[in-house]
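A short worksheet on the structure shown next.
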Amino acid sequence: MSAIAPLVTAAVAVPAFKRSRGHWANVAARIVRNPMAMVAALVLLSLIFIALAAPWLMPADPFATSMFARLKPIGSVGHLLGTDELGRDLLSRLMLGGRLSLFMGITPVLLAFVLGSSLGIVAGYAGGLLNTAIMRTIDVLYAFPSVLLAIALSGALGAGILNALISLTVVFIPQIARIAESVTTQVRRSDYVDAARASGASAFAIVRAHVLGNVLGPIFVYSTSLISVSMILASGLSFLGLGVKPPQPEWGLMLNTLRTAIYSQPWIAALPGAFIFVTSVSFNMLSDGLRAAMEVKQ
Amino acid sequence: MKSKRDIGGPRQPLLQVSELRKYFPLKGGLPFAANKSAVRAVDGVNFDILKGETLGVVGESGCGKSTTARLLMQLIEQDSGELVFDGETVGSRALPLRQFRRQTQMVFQDSYASLNPRMTIEDSIAFAPIVHGLPKRQAITRARDLLARVGLEPERFAGRYPHELSGGQRQRVNIARALALEPRLVILDEAVSALDKSVEAQVLNLLLDLKQEFGLTYLFISHDLNVVRYISDRVLVMYLGQVVEIGSADQVFDTPKHPYTVALLQSMPSMNPLQRTTVAPLAGDPPNPINPPSGCRFHTRCSHAQALCAQRAPLFASAEKGHSVACLRYEAGSGVHFNHNHVEVAHG
């Protein structure tokens, strides 16, 4: 291995010359100048902060029921956002419910990002028979509408957070793997990968040094756009009684249990839905901003 | 050091290419159909690259020049044929692919596509030496030395990204990258074709300097006949996936033997307005490489073609010392003779 004689034998310390700003620094600089994306990021950060700090911020016990304070309207004394059908403080439940809702939005996408990109990158770089084997298997899952697949899997695995997590991850893996495969195939055909192959580098070294850096960006952007879908699907599963179980607060589940109150207290019934809406729109806006910041041709 | 690596001695060809063949099967049709049609991109190519020479390769678009380059680089696998590098078969126990690749490098036509857009140029150059076990620090030092050597100040350029460089600068980076493994053979696939004329001349002169300095051998692929004549010691002419003529640059350019070479040279614009070419020397497009003509592949466009040309494929015959041609008229006893009514015009 050490057969290459260095052109310069003295191994003096290499002075670090000024580096140009890298790709990600450019993306960051551009996204900071995008007001839409920044507003969305601010909304999301505050939602995440409120959810994490809920135990200390909550004005009341989110599990304490009261038969005398059922379905109080917004702005009632002691209940800023009213109470639900069992008289629990809605603001406290919304704050604490954000934890599970955000968790169910982000975690499946994160897991699917890791697994789906790995599958897609392997398939895209290897090509040939391995590609066919991986991608056709994934196409089987891809053939089902995602809502149907999530419900079917959750139903088969049984109710519960973990099972909902697994089924959502399985729903997203094919979508992410497809993107990963197509981007990797493109990079695989580029001249710089050919040049790296011609230098005798192993497939692993090429993927690590040349493929990942060019592939993970687009996959990541696509994945962020799935977070809102994941949140809505998770809420849907909870709504159907397949995800989070009562009395645990979660926005989708709250939407379900409050739906009976839609004629008596429509604003109360709509509140959890409004939170789901604002969060998913913010994720989508941030994702769009990220895409725009990365798509600039240099 | 150079002499130590020179295993077979100076007279041993650096690379011997024999019966190289690559067919690209066409998509469509039944997957297991018996006789699938294929593009015969490279169809039985033989030639030697001598140590220290620059071998120019010319031919029309689609004649298999680039496929040949990729085959030599082993970026695609040949269907049949053998490469012998300095006496050792490539891919054999004596010369595994990885070792061969260290000694043969390539510069691509598209200077932008051949550099990773997310890597600084010093990292791009240092990648191959690091892969071959050179410590990172030394590899970076070498990358900067090479940058200086190809005329880019390392202080200014080492930390830049490809999109911050001009086409000529990027191609210098690509040359530096190719040299980072200290190869013996460098394949230049249209390496200067995409550059402006003035930049092209600078890069050509750089290539000539580097060849001297590092004792390199070049395979220079281009469609630009003037450039090939300027840089090459010997020239190889390809037509439809086959070699039709090979000889020293002077022989091929001054006394071309194959009618295709003659036509190719006539298609070069003349500097003298009085010798302007008024009739198109070659009519039509080259035939379809999926179903090449029988016999001599050029007979459909050849002004000298005789009946036998459609039946017999010509063998490679020596026309004069060091100058071979695949034309039945030069093959002794082939039955095809020179038609003396036809006046051959060498390019002036």
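Taken together, the values in this text are just the output of simple stated rules run on the coordinates, not laboratory data. Values in this document were obtained by computation on a predicted structure and should not be read as measured data. Cβ placement follows ideal geometry from the backbone for every residue including glycine, while neighbour counts extend to all protein chains displayed.
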Checklist entry - Distance in nm between label sites at residue B:250 and residue B:99, each 7 Å beyond Cα in the beta-carbon direction? => result 3.9
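Return the subset of B:65/B:197; B:27/B:211; A:18/B:197; B:65/B:136 for which the Cα-Cα distance in this structure is over 30 Å, preserving the input order. Walk me through the numbers on the way to the answer.
On the way: B:65/B:197 22 Å; B:27/B:211 42 Å; A:18/B:197 32 Å; B:65/B:136 36 Å.
Over 30 Å apart, Cα to Cα: B:27/B:211; A:18/B:197; B:65/B:136.
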Next on the checklist: Sort B:220, A:277 by Cβ crowding within 10 Å, fewest neighbours at the top.
Outcome noted: A:277, B:220
Checklist entry - Cα-based Rg (one decimal) and Dmax (whole number) for chain B, in Å? => result 21.6, 69
Item to check | Estimated dipole of the range B:29-116 in Debye, rounded to 20 [Cβ of Lys and Arg +1, of Asp and Glu -1, Cα centre] | outcome: 280
Checklist entry - Which number do you get for Rg(Cα) / (2.2 N^0.38 Å) in the protein assembly as shown? => result 1.31
Checklist outcome for this item: Place a point 7 Å from the Cα of residue B:209 in the direction of its beta carbon; the residues of the range B:146-172 whose amide N falls under 17 Å from it are B:146-157, B:168-172
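Whats the longest run of chain B with zero trypsin sites (Lys or Arg not before Pro) that are DSSP loop and have at most 12 other Cβ atoms within 10 Å?
B:94-275
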Next on the checklist: In whole Hz and in residue order, list the ³J(HN,Hα) couplings for the range A:176-186 that follow from phi through the Karplus curve 6.51 cos²θ - 1.76 cosθ + 1.60, θ = phi - 60°; x for Gly and Pro.
Outcome noted: 6, 4, 5, 4, 4, 5, 5, 5, 5, 4, 4
Checklist outcome for this item: When all Cα-Cα pair distances of the range B:107-158 are considered, the percent exceeding 17 Å is 38
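Determine, from the Cβ-Cβ distance of residue A:18 and residue A:277 and an R0 of 51 Å, the FRET efficiency 1/(1 + (r/R0)^6), rounded to the nearest 0.05.
Working: r = 47 Å, r/R0 = 0.91.
The calculated FRET efficiency here is 0.65.
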Checklist entry - From Cα coordinates alone, what are the radius of gyration and Dmax values for chain A in angstrom? => result 24.3, 86
Item to check | Within the range B:233-273, backbone nitrogen closer than 19 Å to the virtual label 7 Å beyond the Cα of residue B:37 toward Cβ | outcome: B:240-241
Next on the checklist: What does the structure give for B:101-112 when I average, per residue, the other chain Cβ atoms found within 10 Å of the residue Cβ?
Outcome noted: 3
Item to check | Ranking of B:120, A:137, A:107 by count of other Cβ atoms within 10 Å, fewest first | outcome: A:137, A:107, B:120
Checklist entry - Any idea what the dipole of the range A:126-195 comes to, in debye rounded to 20, about its Cα centre with Lys/Arg Cβ at +1 and Asp/Glu Cβ at -1? => result 100
Item to check | Cβ-based net charge around residue A:70, under 13 Å, with every Lys or Arg adding one and every Asp or Glu removing one | outcome: -1
Checklist entry - Extent of the range B:194-238 along each principal axis, from alpha carbon coordinates, in Å, largest to smallest? => result 29, 24, 14
Checklist entry - Highest GNM mean-square fluctuation, chain A, Cα pairs closer than 10 Å: which of A:249, A:145, A:73? => result A:145
Checklist outcome for this item: At q = 0.12, 0.13, 0.15, 0.19 1/Å the base-10 log of I(q)/I(0) from the Debye formula over the alpha-carbon atoms of the range B:233-291 is -0.35, -0.40, -0.53, -0.79
Item to check | Of A:236, A:98, A:127, the one that fluctuates the most in a GNM where chain A has Cα springs shorter than 10 Å | outcome: A:127
Next on the checklist: I'd like the orientation of helix B:136-149 relative to chain B: the angle between its Cα long axis and the longest Cα principal axis, in ° from 0 to 90, rounded to 10.
Outcome noted: 60
Item to check | Cβ-based exposure ranking for A:113, B:108, A:103, in which fewest neighbours within 10 Å come first | outcome: A:103, A:113, B:108
Next on the checklist: Using the basic label-point model (7 angstrom from Cα toward the beta carbon), what is the residue A:39 to residue B:288 distance in nanometres?
Outcome noted: 6.0
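Hull surface divided by four, with the convex hull built on the Cα atoms of the range A:153-298: how many nm²?
About 11.5 nm², averaged over all directions.
With r defined as the distance between the Cβ atoms of residue B:310 and residue B:233 and R0 fixed at 35 Å, what FRET efficiency is calculated, to the nearest 0.05?
0.50
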Checklist entry - Dipole size in debye (nearest 20) for chain B around its Cα centre, Lys and Arg Cβ +1, Asp and Glu Cβ -1? => result 780
Item to check | Debye log10 I(q)/I(0) for the range A:51-90, one point scatterer per Cα, at q = 0.21, 0.28, 0.29 Å⁻¹ | outcome: -0.58, -0.90, -0.94
Next on the checklist: Once you place label points 7 Å from the Cα toward the Cβ at residue A:32 and residue A:57, how far apart are they in nm?
Outcome noted: 2.5
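Run the numbers for residue A:114 and residue A:140: contour at 0.36 nm per residue of separation, minus the present Cα-Cα distance, in nm.
7.4 nm
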Checklist entry - Stretched out fully, how many nm does the piece from residue A:259 to residue A:225 gain, at 0.36 nm a residue minus the Cα gap? => result 9.5 nm
